[in-house]
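Worksheet for the structure shown next.
Only the coordinates and a few stated rules stand behind these numbers; no lab work does. Values in this document were obtained by computation on a predicted structure and should not be read as measured data. Cβ atoms come from the backbone with ideal geometry, glycine included; neighbour counts cover every protein chain shown.
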Amino acid sequence: MTPATGILTFQDLQSITGYNRRADVERILLDQGVRIFRGRTGPWTTLELINQAGGVKPASQERYGVDIL
């Protein structure tokens, strides 16, 4: 995984899923609701897209105004 961007490469996805063939990796991710992108070197996705498929919501970016003080 590229730490700064949270991008998971095809090699990362092979390791995570346990599948080696491109078609198998794509199938299992799509079956799980993970959005993937098909690149020249294989499918890739982001950690955020995997979290969304798993129902994990991003940390709230809620900001409070000065009037709450």
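Sort 27, 40 by Cβ crowding within 10 Å, fewest neighbours at the top.
On the way: 27 13, 40 4.
Result, fewest neighbours first: 40, 27.
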Report summary line: Taking 0.36 nm per residue of separation between residue 57 and residue 28 and subtracting their Cα-Cα distance, the length gained on full extension comes to 8.3 nm
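For the range 1-42, report the convex hull volume of the alpha-carbon atoms normalised per residue, in Å³, without decimals. Kindly include the intermediate steps, with their values, before the conclusion.
Values: hull volume 3.1 nm³, N = 42.
Roughly 73 Å³ of hull volume per residue.
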Query - By average C-beta atoms within 10 angstrom, highest first, the peptides 17-25, 41-49, 29-37 - result: 41-49, 29-37, 17-25
Report summary line: Distance in nm between residue 41 and residue 7 label points, each 7 Å along Cα→Cβ, equals 0.8 nm
**Report entry** Amide H partners (placed H, <5 Å) of residue 9, local residues excluded
**Finding:** 2
